1. Could we say that B:Leu33 is among the hydrophobic types (A, V, I, L, M, F, W, C) and within 14 Å of chain A (Cβ to nearest Cβ) here?
2. Could you tell me how many of the residues in region A:87-118 are within 14 Å of chain B (Cβ to nearest Cβ), in a helix (DSSP H, G or I) and open to solvent by 20 Å² or more (accessible area, probe 1.4 Å)?
3. Could you list all residues from region A:172-191 that are more than 14 Å from every other protein chain (Cβ to nearest Cβ) and surrounded by 18 or more Cβ atoms within 10 Å (Cβ to Cβ)?
4. Return the only residue of A:Ala167, A:Ala203 being farther than 30 Å from A:Gly259 by Cβ, among the hydrophobic types (A, V, I, L, M, F, W, C) and away from chain B (no Cβ under 14 Å).
5. Residue check: is A:Arg228 basic (Lys, Arg), surrounded by fewer than 24 Cβ atoms within 10 Å (Cβ to Cβ), more than 14 Å from chain B (Cβ to nearest Cβ) and within 18 Å of A:Val322 (Cβ to Cβ)?
6. Please determine whether any residue of region A:365-373 is within 16 Å of ligand 2 (Cβ to nearest atom), within 20 Å of A:Leu238 (Cα to Cα) and open to solvent by less than 60 Å² (accessible area, probe 1.4 Å).
7. Looking only at residues in region A:462-479 that are of a type in the set (Ser, Thr, Tyr) and part of a loop (DSSP other than H, G, I, E, B), which one is nearest to ligand 3 (Cβ to nearest atom)?
8. Taking A:Lys515, is it within 16 Å of ligand 3 (Cβ to nearest atom), among the basic types (Lys, Arg) and surrounded by 14 or more Cβ atoms within 10 Å (Cβ to Cβ)?
Amino acid sequence: MQISGAEIVVRCLQEEGVEFVFGYPGGAVLEIYDAIFRQDAFKHVLVRHEQAAVHAADAYSRSSDKVGVALVTSGPGATNAVTGIATAYMDSIPMVVLSGQVSTPAIGLDAFQEVDMVGITRPCVKHNFLVKDVAELADTIKKAFYIAKTGRPGPVVVDIPKDVTQALAEFRYPESVHIRSYVPVTRGHPGQIKKAVNLLLEAKRPYVYIGGGAVQGNASAEVTEFVRMLGVPCTNTLMGLGAYPGTDRQFLGMLGMHGTYEANMAMQYCDVLVAVGARFDDRVVSVPEHFLSQPKKIIHIDVDPSSIAKRVKVDVPIVGDVKHVLREMIDLLRHQGTAPNPQHLSDWWETIESWRKHDCLLYTPSDALIKPQYVVQKLYEITGGNAIVTSDVGQHQMWAAQYYRYNRPKQWLNSGGLGTMGFGLPAAIGAQLANPDAQVACITGEGSIQMNIQELSTAKQYHTPVKVVALNNLYLGMVRQWQEFFYGTRYSESYMDSLPDFVKIAEAYGHVGFKIEKPSDVEPVLREAFSPALKERLVFMDFRTDQSENVFPMVQNGKGLDQMDLPPHMHKVQGVPFENNRDYGNMC
Amino acid sequence: MRHILSILLENEAGALSRVVGLFSARGYNIDSLTVSTTEDPTLSRMTIVTHGSEDVIEQITKQLNKLIEVVKVIDLNESEHIEREMMLTKVRATGKDREEMKRMADIFRGRIIDVTEKTYTIELTGTSDKLNAFIEAIDRTVILETVRTGASGIGRGERVLKI
Ligand SMILES: Cc1cc2nc3c(=O)[nH]c(=O)nc-3n(C[C@H](O)[C@H](O)[C@H](O)COP(=O)(O)OP(=O)(O)OC[C@H]3O[C@@H](n4cnc5c(N)ncnc54)[C@H](O)[C@@H]3O)c2cc1C
Ligand SMILES: Cc1ncc(C[n+]2csc(CCOP(=O)(O)OP(=O)(O)O)c2C)c(N)n1
Ligand SMILES: [Mg+2]
């Protein structure tokens, strides 16, 4: 029996086991919406802006093992989706975005609501398709899901002209896909793996640098086993948080621009580094030459060969899936029955403890002003460290990364690569739908939240009881911090005048709102928000925080990892990296 | 350094723009690019001449390989290869220039493929260097126009780029 292209789309999504489609209707996709109306295999979530549909679908992927799906109309619907697509692309998140397109005969004629979606998204997708023939629709959607989730994951756009959704064809969903030009590697080269293991066993100051690839590759168990069996210190990137338990002693905290003192010092002074699904981003290693000026051997595990030796040259590249490669390394280590020299390791740990004891994340508590760090710490305590936390972009994002300790992968969802303000709330909605029983908190700023605040309406409609923790400093705080440090405190356009009353906004959307102005109210309000009485409600907490607070430590652009700006209590430490006076310069 | 990359890709709409888009988005150089279908109509073969440091060329190769429609990429510079480019040059050929142009075309093993009272059109094939040399060798002021195909390349001997 022949069915319409629109029905084929719906059937394909059913075959893929899709639970939710995040979308927004319009002319070019009316046929698809009609087919959605007539089915009940999946639920459609009507957002209030297409960007939010894509962020929600993205977070649905980030917080589960499934592939999020967004559906938007042609023209403005498609362009609104672009920021969301680029966000997912930069963080290697699998996702399928279906966009409507004008009918094939109208393509190229500047038709109503026509944009070249394939052209616009080409540089920010893993792949995209324009389906010109209904006979190819099912195959194309199958390929889209396959490409999105295999190899280095990423978003895939399928652009579907309206006449294709109306045309009829037999439906047959392919069971498997074979793309001759796309064969992702999974297993690492055995010779390289052996080399890596030998290098590690000879190391004096080994260090493991774990990134988003370990989260995306579901390799948390392997990463943890590997680090523990070697007894070596490790760090996570912003995208890797949770891949290794944040409360474990071997974890030195996040590294990079706003990483901990110990994590950054160890990165600079290690002699053998294992990079696991991490891409030496410029927010981690600002100056490769400075980083390599301290001699070290680097082992780099990544599914994407182009991530290897892109910014930093490495000694042992291993192209493969982290889960497989680490499993083989673990087996080999077991077999060899050896660990790094215990004396060297204990010396290394001694140095690390001397760095760690400064407690670089210490901040000055206050009875008068709410410290943003304190709010995050309390959130951590009150949620028992179990919440899924989404965040927006800015200072609050960094505090959320530093002061909430993530023990599970896929618990911390944020836009790292693109740094998209407006990600947090729609992401929280997507994560809540993927994890209906989880507590979901969105840590945001008064700037970021206003970029997609309309999604409070979506949250109402779909009963997603997200807890919004707004660290309201009245400033585009991250911008203000840079202006304080680098632009002579000229706070050009970073102060937010005329802020709305967020409590009233929350209430207007049918939610619960609290304004918190005193440090002593922080804990009681958070407790109430997470109490059984408000379990089913979205609670918006507007915390009026210390406006002048800055994020520390900070590695300025162009500086080395051991050249951090440190918080006031560590000023005496600056420039004295080694308390025990070991001369690391000549040890390699 | 100058490199000749040979790329086998799916003969599909949009594949070429992905390659070109990659070069412009990442700031790589394209000195020349040629593309056409192969004996297998589902495949296109592209030759890109580019230049850059070894690190940049390595990234270009990796990024090209990452494109879903790219089947294979080789850097012809890695071993013995042959390079050919075709150039059509229309020159003013009057008076004593007429003999001179004929002579130059012969020296470079070019062929005069179109003749009018005042012009010759010379077809010349060879490495890009040889074509450059020809242009250098003749009097610039007599050149009316030149069209070059850009270089195509192929590995010597047993080395083939195939699925
Ligand atoms: C305001 C702000 C401040 C920031 N400050 C910091 C900071 O201080 N520290 C920090 O770390 N980041 C920071 N970032 C984030 C930074 O911009 C990058 O997004 C981040 O560092 C990249 O993380 P990653 O290296 O883990 O790579 P990701 O972007 O997560 O990339 C993952 C890598 O793993 C590979 N991969 C994926 N799947 C697999 C698999 N199955 N097997 C093997 N490999 C795989 C991919 O090919 C890729 O190379 C900041 C961002 C913002 C917005
Ligand atoms: C869409 C977008 N526009 C601009 C920026 C640049 N930017 C980065 S952080 C920031 C300030 C964020 O302010 P707020 O949400 O209040 O967070 P705070 O830093 O105060 O915690 C800005 C404007 C961005 N990251 N994203
Ligand atoms: Mg702010």
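1. Details: among the hydrophobic types (A, V, I, L, M, F, W, C): yes; within 14 Å of chain A (Cβ to nearest Cβ): no.
The answer is no for B:Leu33.
2. Total meeting the criteria: 4.
3. Step one: list which residues in region A:172-191 are more than 14 Å from every other protein chain (Cβ to nearest Cβ), which gives A:172-176, A:186-191.
Hit for region A:172-191 is A:Gly188, nothing else.
4. Working: A:Ala203 fails: farther than 30 Å from A:Gly259 by Cβ.
Within the list A:Ala167, A:Ala203, the selection yields A:Ala167.
5. The answer is yes for A:Arg228.
6. Taking region A:365-373 as the starting set, the residues that turn out to be within 16 Å of ligand 2 (Cβ to nearest atom) are A:369-373.
Narrowing further to those that are within 20 Å of A:Leu238 (Cα to Cα): A:372-373.
From the residues that got through so far, the ones that are open to solvent by less than 60 Å² (accessible area, probe 1.4 Å) too are A:372-373.
Yes, region A:365-373 has at least one match.
7. Keep residues of region A:462-479 that are of a type in the set (Ser, Thr, Tyr), which gives A:462, A:464, A:475.
Next, only the ones that are part of a loop (DSSP other than H, G, I, E, B) stay: A:462, A:464.
Details: A:Tyr462: 27, A:Thr464: 24 Å.
Filtering first and then ranking leaves A:Thr464.
8. Values: within 16 Å of ligand 3 (Cβ to nearest atom): yes; among the basic types (Lys, Arg): yes; surrounded by 14 or more Cβ atoms within 10 Å (Cβ to Cβ): yes.
Answer is yes for this residue.
The values are calculated or read from the model by the stated rules, or taken from the named source; none is laboratory data. The structure displayed is predicted, hence computed values, not measured ones. Here the Cβ is made from the backbone with ideal geometry for all residues, glycine too, and neighbour counts use every protein chain on show. Only protein heavy atoms, including side chains, enter the accessible area calculation; ligands, DNA and RNA are left aside. Shrake-Rupley method; radii C 1.70, N 1.55, O 1.52, S 1.80 Å.
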